[in-house]
Amino acid sequence: MNRLCMGCMKEYDDRFEVCPYCGYAFDTPAEQSYHIPPGTVLENKYIVGKVLGFGGFGITYVGWDYLMQRKVAIKEYLPGEFATRMPTQIPVTIYSGEKEEQYKEGLAKTIEEARRLARFESVPGIVQIYDCFEANNTSYIIMEFLEGMTLKDYLKQHGRMSPEQAIHVTKQIASAMESVHREGILHRDIAPDNIYVLNPDEPDDLRVKLLDFGAARYATTKHSKSLSVIIKPGYAPEEQYRSRGDQGTWTDVYALAATLYKMLTEVTPEDAMERSVKDELKKPSKMGVKLSKPTETALMNALHIKTQDRTQTMEDFLTELSAAEVKERAVTKDKTDVGRIPIWIPILSGVVILAVAAGIVLMATGIIRFHMNTSTAHMEENMVRMPNVVNEDADEAETILADENLGMSRDRMEFSEEIPENLISYQEVPANSVVAQGTEVVVYISKGQEKGVIPSVTGLMREEALKALEEAGFQNVVIEESMEAGLYDSVLEISQVQGANVALSEEITITVCVNEENQEGDASIQVETPDLSVLSREEAEAALEEIGLKANWVEEYSDEPEGTILAQDPGAGEMVNKDTYVTVRISVGQEKIYMTSVQLMSLEEATAEIESLGLTVGSVTREYSDSVAEGSVISQSVANGEEVKKGDSVNLVVSRGKDPAKQTQAAQQETAAPTTAAPVTTAAPQTTAAPETTTAAPETAPPETAAPETTAGDAMQGLFDGIDW
């Protein structure tokens with residue numbers, strides 16, 4: 001008999017316990033206790049298989065439509081903040097109280113949007129929805145199963161795209177979203193991980209589809225404390241950071257433009273909130289991307305920070321991407337930047353003058369008395385203004401924050417073209433925000449520019465050399481052609497030292513021979529190619545020259561000793577025309593290895609990274625840390641970018657989390673603070689306020705003026721209340 005595999009939904013002989021197609025073992029349990037067990041049947045026709053992915057708002061399973069006999073994807077609504085699934089139970093358990101209301105709002109939005117999206121079956125760029133229903137206290141969306149990979153994974157494998165490829169992908173998504181926007185639906189999360197490449201093996205004609213519309217995500221987070229989970233730094237425009245931000249078609253335009261920027265440059269645009277403070281986003285042309293001026297202008301128009309300055313619709317974005325000439329959109333200046341005086345200032349000035357005059361008259365006649373309050377304005381107790389720590393050394397940033405009674409959590413290290421290594425590249429809470437003391441600020445730390453090792457390409461054919469550079473991560477390659485003698489179309493030289501550790505954004509120039517003279521040699525004279533395998537480079541040169549042949553040397557990394565001849569073409573003993581080239585591959589020793597940063601990785605991730613370089617993990621010591629999460633690497637014995645050799649060991653210091661002794665001491669101090677005697681805590685705001693409030697002298701005032709009904713401040717406030725600010 002045959003068995004249906006819960007991993008790939010193909011049938012195979014049930015005599016086997018493991019699927020011969022995908023390796024999925026029969027009776028494999030669910031990955032997490034809150035996942036539906038593989039083999040569960042929904043609505044008497046959909047068989048649930050293994051989990052394809054899960055996050056804060058739902059779970060996606062591979063499935064089988066028994067009636068239609070087709071493989072499908074099944075998306076289950078399950079926001080972890082509001083509901084869960086108990087072990088051994090299929091129905092979802094919803095948390096009570098306000099969370100239940102929020103859960104139901106998201107559920108309704110999910111079903112409503114799925115039904116509306118189902119109408120777009122004829123739109124090629126939208127994943128097709130077959131069915132949507134409620135069951136088990138939640139909802140399920142049955143969608144077409146897509147083969148391929150996400151755009152995020154495609155870029156990791158292939159690097160930056162050519163402008164033609166990137167724009168082709170962008171236009172598909174923009175056209176699809178143009179149709180969706182007409183129905184009043186926004187995506188709110190366009191990014192490389194939500195775009196699926198259906199045919200990754202056909203780079204000249206990539207076909208893509210957009211996944212994961214975010215109605216439920218948007219609805220549930222309107223009341224949630226976890227707003228950060230719907231924000232993708234670099235792709236989300238600034239209006240998505242504000243609870244009442246003006247979101248519209250322009251919101252998706254920004255995200256798609258940011259995705260296009262990523263495809264072209266391999267760099268994620270700077271976070272929109274950082275750009276709103278200081279916009280340093282580089283144009284792709286400044287990063288070595290050969291992009292036409294109209295196309296670049298269209299891209300930058302769509303990436304404007306302010307909604308009013310940005311390209312408003314997908315239709316406009318498509319038009320500008322295809323236009324021969326595009327006008328650069330002007331940036332709206334803040335009111336504080338405008339040179340003229342706003343009209344309300346002269347009006348307000350007149351009102352203030354009248355108020356002051358009225359106050360003087362009232363005080364002069366004795367109708368009111370004006371008591372001066374000498375207390376200084378101060379921020380609400382236990383609140384502080386967030387410092388800016390971006391571009392600060394990580395340790396120094398921790399000190400700056402500690403001075404304000406704020407904590408710091410080192411979340412990750414990321415490559416940055418602009419921020420030097422070990423400086424803060426991003427802080428989750430924007431500078432100048434007012435926050436409570438004790439707030440812990442999540443920060444990212446720069447690894448500096450991403451680097452790669454220059455491969456050995458001298459002597460290779462042009463295409464071989466370009467492929468080697470691309471595989472090493474270098475995309476900004478310039479080809480110079482030379483008439484110097486050599487093997488036609490081979491690389492004569494490269495601008496960087498082969499084996500050097502160089503920034504991937506660096507421009508690399510290779511010089512290619514285009515001199516076609518003497519390529520065929522003298523056909524009237526045949527010579528026998530000597531065996532060069534046991535000769536040194538000098539001996540091989542002499543041996544070839546002696547019989548009238550020329551050498552095209554290709555240097556290769558190898559475990560063989562430097563100078564060892566590895567291969568030759570034509571081979572030893574072959575008869576060739578005199579004056580032709582023999583390509584000789586020679587070892588230059590082992591490939592150079594440079595240490596990479598593993599800081600803030602888990603010990604398991606760091607070990608895998610170190611071993612992938614051919615190195616070993618040495619000693620692992622554990623220390624307490626106020627800012628590095630337990631189990632993450634605090635430091636490494638070999639610095640990032642340092643040259644190493646295969647087999648070298650790297651010692652690691654791993655965090656044990658926060659020191660419990662310090663935490664206990666801090667808690668004790670906090671508890672003890674309110675009982676401290678007043679004389680030694682007169683600097684505290686609550687103790688300095690008391691004397692001021694007890695010296696206003698109402699007790700000594702004459703009876704007729706002891707409690708005036710109106711003060712000068714009240715009179716002025718009454719005038720201001722009539723102004724519409």
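Checking residue 35 against (1) in contact with a strand residue (DSSP E or B) (Cβ under 6 Å, 6 or more places away or on another chain); (2) in contact (Cβ under 8 Å) with a residue 40 or more places away in the chain; (3) open to solvent by 60 Å² or more (accessible area, probe 1.4 Å), which test does it fail? Single failed check for residue 35: (3). Within the stretch 6-23, none of the residues are within 25 Å of residue 132 (Cα to Cα), in contact (Cβ under 8 Å) with a residue 40 or more places away in the chain and of a type in the set (Lys, Arg). The residue of the stretch 473-496 that is modelled with the highest pLDDT, among those that are of a type in the set (A, V, I, L, M) and farther than 15 Å from residue 509 by Cα, is 487. The conditions of being closer than 25 Å to residue 476 by Cα, part of a helix (DSSP H, G or I) and of a type outside the set (Ser, Thr, Tyr) are met by residue 263. Scanning the stretch 94-127 for residues that are in contact with a helix residue (DSSP H, G or I) (Cβ under 8 Å, 6 or more places away or on another chain), closer than 26 Å to residue 173 by Cα and not hydrophobic (A, V, I, L, M, F, W, C) turns up 106, 109, 110, 112, 113, 124, 125. Pull up the stretch 117-136, narrow it to residues that are surrounded by fewer than 16 Cβ atoms within 10 Å (Cβ to Cβ) and among the acidic types (Asp, Glu), then point me to the one that is farthest from the chain's Cα centre (by Cα). This residue is 134. Take residue 200 and decide whether it is modelled with pLDDT of 90 or more, at negative phi and not in a helix (DSSP H, G or I). Here the answer is yes, as residue 200 does meet what is asked.
Scanning the stretch 571-626 for residues that are part of a strand (DSSP E or B) and within 41 Å of the chain's Cα centre (by Cα) yields 587, 593, 594, 602, 616, 617, 618, 619, 620, 621, 622, 623. The requirement of being open to solvent by 30 Å² or more (accessible area, probe 1.4 Å) and more than 30 Å from the chain's Cα centre (by Cα) is fulfilled somewhere in the stretch 137-151, by at least one residue.
Of the numbered criteria (1) aliphatic (A, V, I, L, M); (2) under 25 Å from residue 587 (Cα atoms); (3) buried (at least 18 other Cβ atoms within 10 Å of the Cβ), the one residue 441 fails is (2). Of the candidates 451, 447, the single residue that is in contact with a Leu (Cβ under 9 Å, 6 or more places away or on another chain), crowded, with 16+ Cβ neighbours inside 10 Å, in contact (Cβ under 8 Å) with a residue 60 or more places away in the chain and among the charged types (D, E, K, R) is 451. Within the stretch 293-320, the only residue that satisfies the criterion of being over 23 Å from the mean Cα position of the chain (by Cα) and among the basic types (Lys, Arg) is 293. For the stretch 14-84, no strands (runs of 3 or more DSSP E) sit wholly inside it while including 2 or more residues that are among the basic types (Lys, Arg) and touching an Asp or Glu at 6+ places or on another chain (Cβ under 6 Å).
Taken over the stretch 542-592, the residue count meeting the criterion of being free of Cβ contacts under 8 Å to residues at least 40 places away in the same chain, of a type in the set (S, T, N, Q) and more than 11 Å from residue 529 (Cα to Cα) is 3.
Look through the stretch 1-17, keep the residues that are in contact with a Cys (Cβ under 9 Å, 6 or more places away or on another chain) and among the hydrophobic types (A, V, I, L, M, F, W, C), and return whichever of them is most open to solvent (accessible area, probe 1.4 Å).
6
Report the residue count in the stretch 619-641 for those that are surrounded by fewer than 17 Cβ atoms within 10 Å (Cβ to Cβ), under 25 Å from residue 589 (Cα atoms) and in contact with a strand residue (DSSP E or B) (Cβ under 7 Å, 6 or more places away or on another chain). Of the residues in that region, 1 qualify. Only residues that are aliphatic (A, V, I, L, M), open to solvent by 60 Å² or more (accessible area, probe 1.4 Å) and under 32 Å from the mean Cα position of the chain (by Cα) were counted across the stretch 81-116, and they come to 0.
Yes or no, residue by residue, for (1) in contact with a His (Cβ under 8 Å, 6 or more places away or on another chain); (2) part of a loop (DSSP other than H, G, I, E, B); (3) in contact (Cβ under 8 Å) with a residue 24 or more places away in the chain:
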{"site": "102", "(1), (2), (3)": "yes, no, yes"}
{"site": "107", "(1), (2), (3)": "no, no, yes"}
{"site": "117", "(1), (2), (3)": "no, no, yes"}
{"site": "124", "(1), (2), (3)": "no, yes, yes"}
{"site": "132", "(1), (2), (3)": "no, no, no"}
{"site": "141", "(1), (2), (3)": "no, no, yes"}
{"site": "171", "(1), (2), (3)": "no, no, yes"}
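One residue stands out in the stretch 479-502 among those that are in contact with a Gly (Cβ under 9 Å, 6 or more places away or on another chain) and assigned to a strand (DSSP E or B): the one that is surrounded by the fewest Cβ atoms within 10 Å (Cβ to Cβ), namely 501. Filtered by the rule that a residue be crowded, with 21+ Cβ neighbours inside 10 Å and part of a loop (DSSP other than H, G, I, E, B), the stretch 405-417 gives 406, 416.
Among the numbered conditions (1) touching a strand residue (DSSP E or B) at 6+ places or on another chain (Cβ under 8 Å); (2) over 27 Å from residue 562 (Cβ atoms); (3) open to solvent by 30 Å² or more (accessible area, probe 1.4 Å), the only one that residue 435 does not meet is (3). Checking each residue in the stretch 47-77 for being open to solvent by 30 Å² or more (accessible area, probe 1.4 Å) and of a type in the set (Ser, Thr, Tyr) picks out 60, 66. If the condition is being closer than 19 Å to residue 491 by Cβ and polar (S, T, N, Q), then the stretch 539-565 contributes 552, 558. The condition of being open to solvent by less than 30 Å² (accessible area, probe 1.4 Å) and either of a type in the set (Ser, Thr, Tyr) or within 19 Å of residue 173 (Cα to Cα) (or both) holds for only one of 255, 272, that being 255. Of all residues in the stretch 266-302, those that are part of a helix (DSSP H, G or I), more than 24 Å from residue 426 (Cβ to Cβ), in contact with a helix residue (DSSP H, G or I) (Cβ under 7 Å, 6 or more places away or on another chain) and not hydroxyl-bearing (Ser, Thr, Tyr) total 3. Pairs linking a residue in the stretch 462-477 that is closer than 12 Å to residue 496 by Cβ to a residue that is open to solvent by 40 Å² or more (accessible area, probe 1.4 Å) and assigned to a helix (DSSP H, G or I), with Cβ atoms under 9 Å and 6 or more positions apart or on different chains, are 477/466; 477/470.
Looking across the stretch 547-567 at every residue that is more than 22 Å from residue 526 (Cα to Cα) and charged (D, E, K, R), the one that is surrounded by the most Cβ atoms within 10 Å (Cβ to Cβ) is identified as 555.
Scanning the stretch 418-428 for residues that are crowded, with 16+ Cβ neighbours inside 10 Å and over 17 Å from residue 635 (Cα atoms) returns 419, 425, 426, 427, 428.
The values are calculated or read from the model by the stated rules, or taken from the named source; none is laboratory data. Just so it is clear, the model here is predicted, and its values are computed rather than measured. Here the Cβ is made from the backbone with ideal geometry for all residues, glycine too, and neighbour counts use every protein chain on show. Heavy atoms of the whole protein, side chains included, go into the accessibility calculation; ligands, DNA and RNA do not. Shrake-Rupley method; radii C 1.70, N 1.55, O 1.52, S 1.80 Å.
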